[in-house]
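Structure first, then comments.
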Amino acid sequence: MGKSFEQYQKRKLISSYFSVVLSIALVLFLLGILGLLVLNAKKMADHFKEQITISVFLNEDAKEVEIDQLQKSLAMADYTKKATFVSKEEAAEKHAEEIGENFIDFLGYNPLKNSIDVNLNADFVSIDQITNIAKEIAEKAYVDEVSYDKPLIGLLNDNVKKLSFWILVACAIFTFIAVLLINSSIRLSIYSKRFIIKTMQMVGATKSFIRRPFIWTNIKLGMLGSFVAMLGIALSLYYLNTNFPDLGLLNDPNMIALLFLSVFVLGLFISLISTYLATQRFLNLRTDELYY
């Protein structure tokens, strides 16, 4: 009978520890992902901004040397990420694929023009700067037209600002929730031992002596939960980097190390503070209050 009860108590203890580790790991994983978003918010915003294209359409009588010179000058400009020449034949093939039919057979000629597609560096993707760049390029005598999606640029910049703001808000909210959840899990695990705490106190054990094993146990659980969270974050990073290599999430090892260190320290800190406060609460209760 005594052995059976001892096994039951052991299973209960393991279950309690597992729930604490799981709650710490899940909360820290979510915080880590949010931290990853905050640290890479500008990088992701820059990635989308650099997909914006300015199309420089050339006159039919533009000489090859003029086109080469323009492409090279655009490629070397501070505002340029990439400058790609697109012949009217290539443009026609691409357009035919998009609409699903060969419009040249229908028209009898190719109405499209040779062009240079310019992808800008993210810092230059604003309506005012692109307008000035377009005016400067359009002054060339052999340039027919400079085209870009003005509404899309305005919408993109507005959405980037809103997204950055709400990521910071979400990060603050989840940090607060993380503290509450981890604190609640640790308090519940200590609550089951409240009678042991009071018994030790009644036989003369000091508060620091009683607190010490609880703090050390929950710090170890916090470390384990942090390692599980970091493993989840590492797998998420690998998945995102494999599927979205342009984001370059693994290009900054110092940032990744800082993120992992922050998750680890946060897990230890919250576990330490929560355990201290929970044990202090039960140490300060009167014996008759332990039943409520």
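With N set to the number of residues, divide the alpha-carbon radius of gyration of region 117-201 by 2.2 N^0.38 Å and report two decimals.
2.37
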Only Lys, Arg, Asp and Glu count, each charged at its Cβ (+1, +1, -1, -1), so figure out the dipole size of region 126-217 about its Cα centre, rounded to 20 debye. 1620
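Based on alpha-carbon atoms only, what is the radius of gyration of region 144-194 relative to the globular estimate 2.2 N^0.38 Å?
My calculation over the Cα atoms of region 144-194 gives 2.32.
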With the calculation restricted to Cα positions, what are the radius of gyration and Dmax of region 168-292 in angstrom? 19.2, 64
What accessible area, in Å² to the nearest ten, does a 1.4 Å probe give for PHE85? 70
Rounded if a/c is under 1.5, else prolate if a/b is larger than b/c, else oblate: which is region 229-276, with a ≥ b ≥ c the root eigenvalues of its Cα gyration tensor? prolate
Apply the Kirkwood formula to region 37-76: the hydrodynamic radius equals the inverse of the mean of 1/r over all pairs of different alpha-carbon atoms; give it in Å with one decimal. 12.8
Rounded to whole angstroms and listed largest first, the alpha-carbon spread of region 186-227 along its three principal axes comes to 38, 18, 9
Past 28 Å, Cα to Cα: identify those pairs from LYS113/LYS135; LYS140/LYS162; LYS42/LYS81, in the order given. LYS140/LYS162
SASA check, TYR148, accessible area w/ 1.4 Å probe, all protein chains in place, rounded to nearest 10 Å², comes out at 60
Residue (of LEU231, MET202, TRP216) at the positive-pole extreme of region 161-292, dipole from beta-carbon charges: MET202
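The values are calculated or read from the model by the stated rules, or taken from the named source; none is laboratory data. This structure is a prediction, so every number in the text was calculated from the model and none was measured. FYI the Cβ positions are ideal-geometry reconstructions off the backbone, even for glycines, and counts take in every protein chain you see. These area figures cover heavy atoms from the full protein model, side chains too; ligands, DNA and RNA do not enter into them. Shrake-Rupley method; radii C 1.70, N 1.55, O 1.52, S 1.80 Å.
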